[in-house]
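> This is the structure I have questions about; it appears just below.
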Amino acid sequence: MAGNNGGPQNPLGDGGANIHQWMFVQKAFWEHLGIVDGKEDNEDGTIFRETFVRAGAYIMGKRMFEEGKPNWPQDLFKADVYVLTHEKRAPWIQKGTTTFYFINDGIESALEKAKQSAKGKDIRIQGGVATIQQFINAGLVDDFCIHLTPILLGCGKRLFENIDKVKSDIEIAEVISSNLTTHIKYTLTNK
């Protein structure tokens, strides 16, 4: 999911930014940012649009926030974002509709706050790896989509490492392929 040596100057680690190349060529990505750009408007763009339309709130870990903050444009998420951290911190209100809230009392608290913000829409658990793993292991993920990009990182952070396979069953719900990525949608059921 990310290469080694990640940080604000090297988001997603060595070679990790290439994971998102499928998205950066899409008109849908640039439209979301209010910019007219992008070369393609295909099934990848449709998935991008659908994902952002369905999202009512986001949850992410502190490391993802720290790597992304210097690189993200204002109001990228266009919804409330709950950042898991151990520190107490005032919300960061961006121009537009994105506010980052810093949650230091656990994943269940972040999820409850995100549910209130989402108003019935999806809650997207963005990452990083450890954050997603915590939610899966706690049985708090219903479905997810992996955008499998033909990039060989060689080493780094693995999404399914440390997952308690005894707790959940996973099933493929849909597979959508394009020339730059394969989107695999899964459903999870708790045992």
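Values in this text are rule-based calculations from the coordinates and carry no lab data. Please read these numbers as outputs of a predicted model, since none were measured by experiment. Cβ: placed from backbone, ideal geometry, glycine included. Neighbour counts: every protein chain shown.
> Any idea what the relative contact order of segment 39-191 is, in percent, if you count C-alpha pairs under 8 Å spaced at least 6 apart? Don't skip to the answer; put the middle values down first.
Numbers: 242 pairs, mean separation 32.0, N = 153.
Worked out over segment 39-191, it gives 21 percent.
> Report the extension gain between residue 160 and residue 176 in nm, rounded to one decimal, defined as 0.36 nm multiplied by the number of residues separating them, less their alpha carbon distance.
Additional length available on full extension: 3.7 nm.
> Another question, if that's okay. Which cross-chain or sequence-distant (5 or more) residues have an amide H under 5 Å from the amide H of residue 168, H modelled 1.01 Å from N in plane?
Answer set, sorted by chain and number: 191.
> Just add up the charged neighbours of residue 113: K/R +1, D/E -1, any other residue whose Cβ is under 11 Å from the Cβ of residue 113.
The answer is -3.
> Moving on. Rounded to two decimals, what is the ratio between the C-alpha radius of gyration of the chain and 2.2 N^0.38 Å?
Values: Rg = 16.3 Å, N = 191, 2.2 N^0.38 = 16.2 Å.
That ratio works out to 1.01.
> Continuing with the same structure: What longest region of the chain stays clear of GluC sites (Glu not before Pro) that DSSP places outside H, G, I, E and B and that have at most 10 other Cβ atoms within 10 Å?
In the chain, the maximal stretch lacking such sites is 1-86.
> Filter the trypsin sites (Lys or Arg not before Pro) in segment 16-67 to those in DSSP coil with at most 16 other Cβ atoms within 10 Å of their Cβ, and list the result.
Hits after loop and neighbour filter: 39.
> Still on this structure: For the chain, what does the helix formula give at 222 nm: sum of -39500 (n - 2.57) over DSSP H segments with n ≥ 4, over the residue count, nearest 500 deg cm²/dmol?
Mean residue ellipticity, 222 nm, calculated: -7000 deg cm²/dmol.
> Here is a further query. In segment 20-59, which chymotrypsin sites (Phe, Trp or Tyr not before Pro) are in a loop and have at most 16 other Cβ atoms within 10 Å, using DSSP for the loop call?
Numbers: sites: 22, 24, 29, 30, 48, 52, 58; in loops: none.
For chymotrypsin sites (Phe, Trp or Tyr not before Pro) across segment 20-59 that sit outside H, G, I, E and B with at most 16 neighbouring Cβ atoms in 10 Å, the list is empty.
> If you don't mind, there's one more thing I want to ask. Between 179, 162, 104, which gets the highest mean-square fluctuation from a Gaussian network model of the chain, Cα cutoff 10 Å?
Sorting by GNM fluctuation, first place goes to 179.
> Any idea what the dipole of the chain comes to, in debye rounded to 20, about its Cα centre with Lys/Arg Cβ at +1 and Asp/Glu Cβ at -1? Before the final figure, lay out each step's value.
Working: 22 positive and 24 negative charges, 96 e Å.
Once rounded to the nearest 20, the dipole reads 460 debye.
> I've got another one for you. 7 Å from Cα along Cα→Cβ at both residue 148 and residue 72: what's the point-to-point distance in nm?
That separation, rounded to one decimal, is 2.8 nm.
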